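> This is the structure I have questions about; it appears just below.
The values are calculated or read from the model by the stated rules, or taken from the named source; none is laboratory data. As the structure is a prediction and not an experimental result, all values here were calculated from the model. Counting neighbours? That spans all protein chains shown, and the Cβs are built from the backbone with ideal geometry, glycine included.
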Amino acid sequence: MNQIYSRGPSLPLRLFLAVVCSAGLMFLDRYTDSSTQLRSYLTAAASPLFYVASLPQTLFSGASEQFMAQQTVLDENARLKETLLQQSGQLQLLRFLQQENDKLRALLGSSAAIEDKSLVAEVLAVYSHPFSHQVVLNKGSKDGVTEFQPVIDDQGVVGQVVSVGPSSSRALLISDNTHALAVRAERTGVRAIVEGLGQWDVLRVMHLPHSTDIREGDRLLTSGLDGRFPEGYPVAKVVRISQDASQPFMVVYAEPYARLDRIRHVLLLSGRSDAMAEAAEILPPEQP
Amino acid sequence: MRKPQRLGFIYLSLFVALLLTVMPMPQMVKLARPDWALLVLMYWTLALPQRVSVLTAFFTGFIVDVLVGTVLGVNALAFSVVIFVVAQHHLKIRNFAVMQQALLLGLLLALYQLLLFWLSHFLTGVYFRPQYLWPVLTGMLVWPWLFWLLRRYRRQLKIQ
């Protein structure tokens, strides 16, 4: 009766084949560049599945909006109008400041800050595998999404696009283990690198010497020096500092502003990569 | 040897398991999400080892890699190894009561999590946290129900 394995290779041989194939895939994905292209094809092929998987949630939230009482909708509308009014008021001031800033920059002879275009995308799936913090967005190359585009939400930096399919794309979050970005402390201007730890609510600030002036509550903004993220977007707030003289550097933890665990809508910034690379070159050297 | 029948339904159940793997969930629930695809594969390997074994596991693992964004091949390898163990011992495991099966498969789920962690640690340098082992517990809790459901599914549709 043990003829079930008489067809095809034996079980250990199959395992051997599978192990060799997976080792090859891992090598290809980790140590060569060709995998980016492969990934984007695979993302494209898998995107219908994400649409289907998020269907129940979409239906549910759609239904709950349907049944929302009219009074609630009116209240929400009033609140949104108020917010809009306040923000457009602030925007007028901002326009004036931007003009002034442009003029000052022109006087200084440095490159002007570039207008950024942005694209709103919705999160199709948040995959929270502890080892990979990524989200799938519902905009792809058809909508003009490109690789390495910065992704933000209304609070702060969320991450960057890592692979693009025709109608969906995948963004790596700043909390992912493999993600790091350049920041500057708002209060002191100290530059640092913020690295993800694979946890939603904690990031680590890397390689700060013990003498660095940094305090709990300091705001960390993108510095633009990494050539990926435009300057000045809020990233995280320092929440915990432990000074241990036996360690070569200070151990500093920060909490991201963006609510990474509950993002629904994000903003994709675009049209700045060339200008940013230029800006990164002409920034003045660090003051000691 | 019986002729293969209605194998499409096996792939349908795997497809549903993959959907459950990527379905959006609240953050608290998500950490404890059982490894649906692996559990369903385990069932089919126990029930029909001549149809579903290491290579099906490899391809399912590869799809999981694509869907969840881990380094390609990590899940494929871990799935293959775990399903290899199940397939080698399917005659023994079948004879256990469902609760005993749940305990034993819990061990294998833990092996899967540790393999996954070890490979990811080697490739991308992740840190270990005990919360990563929640899916082992939820997987064990889910197994009896899943076993019952899939057995009905198999018998109703006469999948061989």
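> Looking at this structure, is A:D29 at pLDDT 80 or above and under 27 Å from the mean Cα position of the chain (by Cα)?
yes
> Yes or no: the stretch A:1-18 includes at least one residue that is surrounded by 10 or more Cβ atoms within 10 Å (Cβ to Cβ), under 31 Å from the mean Cα position of the chain (by Cα) and more than 9 Å from every other protein chain (Cβ to nearest Cβ).
Looking for residues that are surrounded by 10 or more Cβ atoms within 10 Å (Cβ to Cβ), under 31 Å from the mean Cα position of the chain (by Cα) and more than 9 Å from every other protein chain (Cβ to nearest Cβ), one finds none in the stretch A:1-18, hence no.
> Out of the residues in the stretch B:36-66 that are under 28 Å from A:L38 (Cα atoms) and hydroxyl-bearing (S, T, Y), state the one that is surrounded by the fewest Cβ atoms within 10 Å (Cβ to Cβ).
Here the answer is B:T56.
> Output yes when any residue across the stretch A:21-43 is under 29 Å from A:V145 (Cα atoms), part of a helix (DSSP H, G or I) and small (G, A, S), and no when none is.
Yes, some residue in the stretch A:21-43 is under 29 Å from A:V145 (Cα atoms), part of a helix (DSSP H, G or I) and small (G, A, S).
> Another one. Go through B:F128, B:F84, B:F147 for me and flag whichever is buried (at least 20 other Cβ atoms within 10 Å of the Cβ) and either in contact (Cβ under 8 Å) with a residue 60 or more places away in the chain or of a type outside the set (S, T, N, Q) (or both).
Just a single option satisfies the conditions, and that option is B:F84.
> A further question on this structure: Exactly one of (1) closer than 26 Å to B:L116 by Cα; (2) within 13 Å of chain B (Cβ to nearest Cβ) is unmet by A:N138. Its number?
All conditions pass for A:N138, except number (1).
> If you scan the stretch B:14-65, which residues turn out to be over 19 Å from A:S54 (Cα atoms), at the interface with chain A (Cβ under 8 Å from one of its Cβ atoms) and assigned to a helix (DSSP H, G or I)?
Within the stretch B:14-65, B:V54, B:L55, B:A57, B:F58, B:G61, B:F62 meet the criteria.
> Are any of the residues in the stretch B:101-114 assigned to a helix (DSSP H, G or I), under 28 Å from A:E195 (Cα atoms), out of contact with any Leu (no Cβ under 7 Å at 6 or more places or on another chain) and modelled with pLDDT of 90 or more?
Yes, the stretch B:101-114 has at least one match.
> Looking at the stretch B:66-82, which of its residues are part of a helix (DSSP H, G or I), β-branched (V, I, T) and facing another protein chain (nearest Cβ under 9 Å)?
B:V66, B:V68, B:V74, B:V81
> Can I ask one more? Quick check on the stretch A:132-154: of everything there that is surrounded by 21 or more Cβ atoms within 10 Å (Cβ to Cβ), more than 24 Å from A:V52 (Cα to Cα) and not aliphatic (A, V, I, L, M), which residue is nearest to the chain's Cα centre (by Cα)?
So the residue we want is A:P150.
> Right, here's the next one. Look at B:I83 and say whether it is in contact with a helix residue (DSSP H, G or I) (Cβ under 7 Å, 6 or more places away or on another chain), at pLDDT below 90 and more than 30 Å from A:L197 (Cα to Cα).
Considered against the rule, which asks whether it is in contact with a helix residue (DSSP H, G or I) (Cβ under 7 Å, 6 or more places away or on another chain), at pLDDT below 90 and more than 30 Å from A:L197 (Cα to Cα), B:I83 comes out as no.
> Before we move on, is A:S118 under 25 Å from A:S175 (Cβ atoms), modelled with pLDDT under 85 and within 14 Å of chain B (Cβ to nearest Cβ)?
In short, no.
> Name, by its number, the condition in (1) modelled with pLDDT of 90 or more; (2) surrounded by 18 or more Cβ atoms within 10 Å (Cβ to Cβ) that does not hold for B:G69.
Of the numbered conditions (1) modelled with pLDDT of 90 or more; (2) surrounded by 18 or more Cβ atoms within 10 Å (Cβ to Cβ), the odd one out for B:G69 is (1).
> Which residue pairs have Cβ atoms closer than 8 Å, lie 6 or more positions apart in sequence or on different chains, and pair a first residue in the stretch B:99-124 that is more than 14 Å from chain A (Cβ to nearest Cβ) with a second residue that is of a type in the set (D, E) and buried (at least 20 other Cβ atoms within 10 Å of the Cβ)?
Close Cβ pairs (under 8 Å, with a partner that is of a type in the set (D, E) and buried (at least 20 other Cβ atoms within 10 Å of the Cβ)) amount to B:L109/B:D35.
> Can you give me the number of residues within the stretch A:73-102 that are more than 32 Å from the chain's Cα centre (by Cα) and surrounded by 11 or more Cβ atoms within 10 Å (Cβ to Cβ)?
Qualifying residue count, the stretch A:73-102: 1.
> Would you be able to tell me the number of residues in the stretch A:202-225 that are surrounded by 16 or more Cβ atoms within 10 Å (Cβ to Cβ) and in a loop (DSSP other than H, G, I, E, B)?
Number satisfying all stated conditions: 7.
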